[in-house]
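A.B. asks: Here it is, the structure in full.
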Amino acid sequence: MSKTKMMIILAIPLIFVGLFAACDEPRDLMTETRTVALEGAARAEVGMRMGAGELRLRSADQTALLEAEFEFNRERLRPEVDYRVLGDKGLLQVRHGRHRGVNFGTTRNRWNLTLGRAVPIDLDVDLGAGRSEIDLRGLTLQRVEIDMGVGEMSLDLRGPHAAGFSVKIDGGVGSGKLDLPAEVGVRVKVDGGLGSVNAHGLRKEGGAYVNDAYGRSPVTIEIDINAGIGSLDLRCDPLIKT
């Protein structure tokens, strides 16, 4: 037997051992909570990087910048939360674990995150595969960027808003729903994509979708969507006059 063949035969068991070591078998459901204080920051940049799973993001009147609850059944899904303050700005990163492995069995990964309303926020969300509910009502927003990934995403931007801001969304594969404010101007530009756009309460103007307050309100929200493959539902319910 040649030396090369002998080395291959000896290497095969080691390869299988390595594969099984990399496998991350599901465990009982684990829950972790995290609280991130502002630590004197007057504004914040928040980044979220999530792989496959379910994300629920909302806001609340709370002293902390972040109140978080994570549920997962694999050690490799344990999230990482990093925070530091530079000058008057807080930098928060919430991301999935960087561990690698092979998934077997059922995977459970759920993030329940609450952002405080005390300071203005720049938000950057990078989604993987799954379902996300992002409710930003009550936040003072300066910029929002979202990579939809694969799956379903709902985004609530309803007001009130005292100042305008920009929103950029890179569509993935799946469906997206946006609830938009009616009391301030909204302009939505949609490019690319192989799917459908359903706009309720908006009209087409100059190659974009706008609401009735656009051009009349001193506040304008500019939304730029690079649509993916799937459906996009834009909803702006008109104000009810009393």
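A.B. asks: Mind telling me which of the residues 193, 201, 228 ends up being over 13 Å from residue 167 (Cβ atoms) and modelled with pLDDT of 95 or more?
C.D. replies: 201
A.B. asks: Every residue in region 31-67 that is crowded, with 16+ Cβ neighbours inside 10 Å and not in a strand (DSSP E or B), please.
C.D. replies: 38, 41, 50, 51, 52, 64, 65
A.B. asks: Still on this structure: When the residues of region 120-157 are narrowed to those that are aliphatic (A, V, I, L, M) and surrounded by fewer than 18 Cβ atoms within 10 Å (Cβ to Cβ), which ends up nearest to residue 176 (Cα to Cα)? Outline the logic, then answer.
C.D. replies: Initial filter on region 120-157 (aliphatic (A, V, I, L, M)): 121, 123, 125, 127, 129, 134, 136, 139, 141, 144, 146, 148, 150, 153, 155, 157.
With the extra rule that they be surrounded by fewer than 18 Cβ atoms within 10 Å (Cβ to Cβ), the set shrinks to 129, 150.
Numbers: 129: 13, 150: 10 Å.
Step by step, filter region 120-157, then rank; the result is 150.
A.B. asks: If you scan region 198-227, which residues turn out to be over 20 Å from residue 156 (Cβ atoms), in contact (Cβ under 8 Å) with a residue 24 or more places away in the chain and outside any strand (DSSP E or B)? Show your work before the answer.
C.D. replies: Of region 198-227, the ones over 20 Å from residue 156 (Cβ atoms) are 203-208, 215-216, 218, 226.
Remaining after also requiring in contact (Cβ under 8 Å) with a residue 24 or more places away in the chain: 215-216, 226.
The answer is 215, 216.
A.B. asks: Right, something else. Quickly run through region 37-55 and pick out the residues that are over 18 Å from the mean Cα position of the chain (by Cα) and aliphatic (A, V, I, L, M). Working first, answer last.
C.D. replies: Step one: of region 37-55, the residues over 18 Å from the mean Cα position of the chain (by Cα) are 37-43.
Once the filter is applied, which keeps residues that are over 18 Å from the mean Cα position of the chain (by Cα) and aliphatic (A, V, I, L, M), region 37-55 yields 37, 38, 41, 42.
A.B. asks: Sticking with this structure for a sec: Provide a single number: the residues in region 70-101 that are assigned to a loop (DSSP other than H, G, I, E, B), at pLDDT 90 or above and over 19 Å from residue 113 (Cα atoms).
C.D. replies: So the answer is 2.
The values are calculated or read from the model by the stated rules, or taken from the named source; none is laboratory data. The model shown is predicted, which means the values in this text are computed figures rather than measured ones. Glycine gets a Cβ as well: all are built from the backbone with ideal geometry, and neighbour counts include every protein chain shown.
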